[in-house]
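Worksheet for the structure shown next.
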Amino acid sequence: LHGNGIYAVMCDHWGNIIVGSYSGGIDIARPVGSTPAMFQHVHNNQQSLLNDHVNCVAQWPDGTLVMGTDDGVSLYNTTTQQWRHTCSGVVALSLCLTPSGTMLVATYGKGVYEISRDGQSRQLYAEGDGVLKDRHVYKLCYDRQGGLWMGCLDGSLVHLTGGVAHYYSIKNVQDIVQLPDGQMAVATANGIHLVDARTGMVKELDFSAGKPDDDS
């Protein structure tokens, strides 16, 4: 690895492990063979990774790798081996494929961007537009019903469904996943919350610190 601060790990369509680090760019571990592969920023070279501080990685169905960095988003076409870059100057923290095939980008300080398949980007949600309560968005997640969840730093957790935004007083969101029973598990800097969108109920999982010698 070219960086020890690992911020993103993804298994691509071919079984390769894509590793994004904070300082080392992208390392690729292939299941077959021993040829190392890596993507890093090269000064004044647009055919390279935009920035070596990689926060998130995703992939389009056609195999194109999408890499969110501290200075925008890099798109790498694995077939043509060509690079494109978008969202210049944006700190990209989370990527999420939409049901329509575009890619959403959660950003630090600029809300949520949308990237089309041709690499064009636009700001989709921003603080004060009636959806977000905070422009610092840490995590994006679609549930199985097609609702979009957006977790922020200081603003409320947003559940956008059917064009209507619902809010939950949950901040400092780090991750969001949907459980088999339909509830959303929201990981925060202060613990885990379970959100039931059907009832609007929120449950905080109890935490009890064990003793230093408690191995249970």
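Please count how many residues of the range 138-152 are more than 16 Å from Ser94 (Cα to Cα) and crowded, with 19+ Cβ neighbours inside 10 Å. Walk me through how you get there before you give the answer.
If we filter the range 138-152 for residues that are more than 16 Å from Ser94 (Cα to Cα), which is where we start, we get 144-147.
Now drop any that are not crowded, with 19+ Cβ neighbours inside 10 Å, which leaves none.
Going through the range 138-152 one residue at a time, the tally reaches 0.
Any chance the range 63-72 includes a residue that's farther than 20 Å from Arg135 by Cβ, touching a strand residue (DSSP E or B) at 6+ places or on another chain (Cβ under 8 Å) and open to solvent by 10 Å² or more (accessible area, probe 1.4 Å)? Within the range 63-72 (the criterion being farther than 20 Å from Arg135 by Cβ, touching a strand residue (DSSP E or B) at 6+ places or on another chain (Cβ under 8 Å) and open to solvent by 10 Å² or more (accessible area, probe 1.4 Å)), the answer is no, since none of the residues qualifies.
Residues Tyr76, Tyr108: which one is closer than 23 Å to Cys11 by Cα and not hydrophobic (A, V, I, L, M, F, W, C)? Don't jump to the end; show me each part of the working.
Details: Tyr108 fails: closer than 23 Å to Cys11 by Cα.
After applying the criteria, what remains is Tyr76.
The residue pairs whose first member lies in the range 96-118 and is without any contact (Cβ under 8 Å) to a residue 24 or more places away in the chain and under 27 Å from Asp154 (Cα atoms), whose second member is open to solvent by 20 Å² or more (accessible area, probe 1.4 Å) and not in a loop (DSSP other than H, G, I, E, B), and whose beta carbons are closer than 6 Å, counting only pairs six or more residues apart or on different chains, are Thr102/Glu114; Glu114/Arg122; Glu114/Leu124. Answer with yes or no whether Arg135 is in contact with a Gly (Cβ under 7 Å, 6 or more places away or on another chain) and either closer than 27 Å to Ser88 by Cα or crowded, with 17+ Cβ neighbours inside 10 Å (or both). Yes: the conditions hold for Arg135.
From the list Asp143, Asp175, which one is in contact with a strand residue (DSSP E or B) (Cβ under 9 Å, 6 or more places away or on another chain), among the acidic types (Asp, Glu), closer than 27 Å to Cys56 by Cα and at pLDDT 95 or above? I'd like the intermediate steps shown before the answer.
Numbers: Asp175 fails: at pLDDT 95 or above.
Exactly one residue qualifies, and that residue is Asp143.
A residue that is assigned to a strand (DSSP E or B), open to solvent by less than 20 Å² (accessible area, probe 1.4 Å) and farther than 24 Å from Gly182 by Cβ occurs somewhere in the range 108-119. If you go through the range 134-155 one residue at a time, do you hit one that is over 24 Å from Gly101 (Cα atoms), of a type in the set (A, V, I, L, M, F, W, C), touching a Leu at 6+ places or on another chain (Cβ under 6 Å) and in a loop (DSSP other than H, G, I, E, B)? Looking through the range 134-155, none of the residues is over 24 Å from Gly101 (Cα atoms), of a type in the set (A, V, I, L, M, F, W, C), touching a Leu at 6+ places or on another chain (Cβ under 6 Å) and in a loop (DSSP other than H, G, I, E, B).
On inspection, Tyr138 qualifies as under 19 Å from Asn55 (Cα atoms) and within 17 Å of the chain's Cα centre (by Cα).
Please go through the range 180-199 and pick out each residue that is over 22 Å from Val137 (Cβ atoms) and open to solvent by less than 60 Å² (accessible area, probe 1.4 Å). First the steps, then the outcome.
We begin by selecting, within the range 180-199, every residue over 22 Å from Val137 (Cβ atoms); these are 180-182, 196, 198-199.
Within the range 180-199, Gly182, Asp196 meet the criteria.
Annotation: Gly155 fulfils all but one of (1) open to solvent by less than 20 Å² (accessible area, probe 1.4 Å); (2) in contact with a His (Cβ under 9 Å, 6 or more places away or on another chain); (3) modelled with pLDDT of 95 or more; the unmet one is (3).
Here the strands (runs of 3 or more DSSP E) wholly within the range 1-102 that include at least 3 residues being not aliphatic (A, V, I, L, M) are 54-59, 72-77, 82-86. Looking only at residues of the range 48-62 that are more than 10 Å from the chain's Cα centre (by Cα) and within 15 Å of Glu114 (Cα to Cα), we find that the one that is most open to solvent (accessible area, probe 1.4 Å) is Gln59.
Do you know which of the residues in the range 73-86 that are farther than 20 Å from His53 by Cα and among the hydroxyl-bearing types (Ser, Thr, Tyr) is surrounded by the most Cβ atoms within 10 Å (Cβ to Cβ)? This residue is Thr78.
The values are calculated or read from the model by the stated rules, or taken from the named source; none is laboratory data. Note that the coordinates shown come from a computational prediction; the quantities given were computed from them, not determined experimentally. Note: ideal-geometry Cβ built from the backbone for every residue, glycine included; neighbour counts use all protein chains shown. Ligands, DNA and RNA are stripped out before the accessible areas are found, and what is left, the full protein with its side chains, is counted by its heavy atoms. Shrake-Rupley method; radii C 1.70, N 1.55, O 1.52, S 1.80 Å.
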